[in-house]
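Just below is one structure, and these are the notes that go with it.
The values are calculated or read from the model by the stated rules, or taken from the named source; none is laboratory data. Quantities reported herein were computed from a predicted structural model and do not represent experimental measurements. Note: ideal-geometry Cβ built from the backbone for every residue, glycine included; neighbour counts use all protein chains shown.
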């Protein structure tokens, strides 16, 4: 399971307090946000003992299935050789390696003859975490069937660099870590084909029903999206405001901390993502973030006739 490390979160809060900087200040101070983003970079690139507990880089496909649910598993199993799967925040790429294993074929024998060869897969990570297992698997596959992208964030890639995908997944990757959630979703949806799906998850957030409380006492939800009144409407409500998508959300209270799973199906190309402003970002694994809903664009008012 995706278990957050309590000690690490407390350490971040204590460090921020020592620096006389509130751990979750609701501020538009760009200098403070840039400082926190710099701290986050050190987390991304930490190796060995410098990699903080809670920053997981080796989640396997079983964990993906447990977190994202059977709809993701069916979508992955149905991909054919002409389809493409993008895994964001792949780390070592263990979930992708599991997909290309013989054990995956045995467990997903139904429909194998229909779909033929495996899909083409792109693993994306902000740092290069590839291992010998990755290199060995890539060497036995056809050219470009397995790719690994690193050193850039999702929003920094061009459409030509990425191409189009029939399935996108993110298990505590960019969706949980980005400081610009609007840009992240715009990029993800721009590279998805119509009727493709994006499967992702967040830890410790306001559920769609709105009847849960933050997991950690005296702490806020990890990700908040606030309306004009300052009320946290939850990530699910914001996703459902995006045009040309169908969204389903599922809160899983049995996880520690609880998670909410999201499935976003693209239904047409005229996608419009509601504006978000970042008002707070505190480095962590994952970071604490507060976004503010921007004002919708105003349509010009028709002038009265003479």
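So, restricting to helices (runs of 4 or more DSSP H) that lie completely within segment 89-183, which ones have at least 1 residues that are closer than 30 Å to residue 281 by Cα and at pLDDT below 95?
Numbers: elements: 94-99, 102-107, 112-115, 132-140, 159-162, 174-177.
Hits in segment 89-183: 159-162.
Applying the selection to segment 256-284, what residues are surrounded by 17 or more Cβ atoms within 10 Å (Cβ to Cβ) and out of contact with any helix residue (DSSP H, G or I) (no Cβ under 8 Å at 6 or more places or on another chain)?
Passing the criteria: 257, 258, 265, 279.
Mind checking which pairs have a first residue in segment 83-101 that is touching a residue at least 12 places away in the same chain (Cβ under 8 Å) and on the phi > 0 side of the Ramachandran plot and a second that is in a helix (DSSP H, G or I) and surrounded by fewer than 24 Cβ atoms within 10 Å (Cβ to Cβ), Cβ under 6 Å, 6 or more apart or different chains?
Final answer for the pair search is 89/174; 93/134.
Quick one: which residue in 147, 166, 182 is touching a residue at least 60 places away in the same chain (Cβ under 8 Å) and more than 21 Å from residue 278 (Cα to Cα)?
Values: 147 fails: touching a residue at least 60 places away in the same chain (Cβ under 8 Å); 182 fails: more than 21 Å from residue 278 (Cα to Cα).
Sole residue among the options that is touching a residue at least 60 places away in the same chain (Cβ under 8 Å) and more than 21 Å from residue 278 (Cα to Cα): 166.
Here is a list of conditions, (1) surrounded by fewer than 23 Cβ atoms within 10 Å (Cβ to Cβ); (2) on the phi < 0 side of the Ramachandran plot; (3) in contact with a helix residue (DSSP H, G or I) (Cβ under 9 Å, 6 or more places away or on another chain); (4) modelled with pLDDT of 95 or more, and residue 244 meets all of them except one; can you say which number that is?
It fails just one condition, (2).
Return the residues of segment 184-212 that are surrounded by fewer than 18 Cβ atoms within 10 Å (Cβ to Cβ) and assigned to a strand (DSSP E or B); say none if nothing qualifies.
Across segment 184-212, the qualifying residues are 193, 194, 195.
Tell me which residues, restricted to segment 286-298, are out of contact with any strand residue (DSSP E or B) (no Cβ under 6 Å at 6 or more places or on another chain) and either crowded, with 22+ Cβ neighbours inside 10 Å or within 11 Å of residue 180 (Cα to Cα) (or both).
286
Return the residues of segment 66-82 that are free of Cβ contacts under 8 Å to residues at least 60 places away in the same chain and in a loop (DSSP other than H, G, I, E, B); say none if nothing qualifies.
Applying the first criterion (free of Cβ contacts under 8 Å to residues at least 60 places away in the same chain) to segment 66-82 yields 70, 73-74, 77-78, 80-82.
Residues satisfying the conditions are 78, 80, 81, 82.
Kindly provide the set of residues from segment 245-277 that are without any contact (Cβ under 8 Å) to a residue 40 or more places away in the chain, more than 21 Å from residue 68 (Cβ to Cβ) and over 19 Å from the mean Cα position of the chain (by Cα), ordered by number.
Answer for segment 245-277, where residues must be without any contact (Cβ under 8 Å) to a residue 40 or more places away in the chain, more than 21 Å from residue 68 (Cβ to Cβ) and over 19 Å from the mean Cα position of the chain (by Cα): just 270.
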